[in-house]
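A.B. asks: A single structure is presented below for examination.
Nothing in this text is a laboratory measurement; each read-out follows from the coordinates by a stated rule. Since the model is a prediction, treat every value here as computed from it, not as a measurement.
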Ligand code: C2E
Ligand code: MG
């Protein structure tokens, strides 16, 4: 309220200074992140993805973390925007990809089924790079991971001109790598699903929250599941937090799920214990 009585010029200069401070903090963080690349400050956690019908673990999603020396453990939303603005998202992404492939290449094999997959989040910017297909395929061959074990999760909207991304996605799939459309349900992702051939559609948590509620609420989840099916993709529900949600999603025909009900994201050692066990019933 006191701000309202300050002269306009003073307010503007205050805002200017606040803006400069934020920018300086971002520059510092970007510089620190650049130093952290290649160090063990950047690490991955893995959240198991489960077959909803049986509770069998199918694979895990790699989620990046930054153990900052002063600020503690940072989540992607704390530093990915800075990485993007400062032009280091590509390097960070490549590092995450290689680390995830190397780790998953050493995972135990399930006894009678196909190997566990590891899914890695990729922004559309990363997929638009000229060398995207080459460097992704190289990451699998360099680490000894079978291409079929890698799932790339495309995390943001492809936009109206998706032809280039569609080409990249199709080249990756030809190389045996599978692709998931993440955050499905946002306004433009319908267009993305139309433009891209994908193996998985990830149902956003927003639609999972009330999937066990009245039909008017669960209708959205049902519509996405039917759409995925019609496009020949398997559905993966994210953010499952209760038995009721897991049960209802399975009943609606959703093949896979992940969320705190089954397991939080785990460190490299924790995930191996789950993979050895092979099933998770929440
Ligand atoms: P996402 O791909 O949707 O990943 C799932 C997020 O939901 C993760 O947050 C996970 O910790 C959280 N989560 C999992 N289960 C539950 C649940 O039951 N309830 C709730 N409330 N949350 C749950 P996180 O790790 O903070 O990641 C946020 C986003 O950052 C990811 O969303 C993904 O889009 C992005 N991201 C993570 N790692 C990378 C990366 O290496 N590269 C890129 N480009 N993006 C990444
Ligand atoms: Mg994801």
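A.B. asks: Run the helix sum for the chain: -39,500 (n - 2.57) per DSSP H stretch of 4+ residues, divided by residue count, reported at 222 nm to the nearest 500 deg cm²/dmol.
C.D. replies: -14500 deg cm²/dmol
A.B. asks: On average, how much area does the Cα convex hull of the chain cover when viewed from any direction, in nm²? Don't jump to the answer; show the numbers that get you there.
C.D. replies: Working: hull surface 72.9 nm².
Over every viewing direction, the Cα hull of the chain projects on average to 18.2 nm².
A.B. asks: Ok, one more. Normalized C-alpha radius of gyration of the stretch 210-282, against 2.2 N^0.38 Å?
C.D. replies: 1.22
A.B. asks: Next question, about the same structure. Which value, in nm² and rounded to one decimal, describes the direction-averaged projected area of the C-alpha convex hull of the stretch 161-282?
C.D. replies: For the stretch 161-282, averaging the hull's shadow over all directions gives 8.5 nm².
A.B. asks: At a temperature of 25 °C and a viscosity of 0.890 mPa s, determine how fast the stretch 71-212 diffuses translationally according to Stokes-Einstein, using the Kirkwood radius over alpha-carbon pairs as Rh; express D in µm²/s, rounded to the nearest whole number.
C.D. replies: After rounding, the answer is 153 µm²/s.
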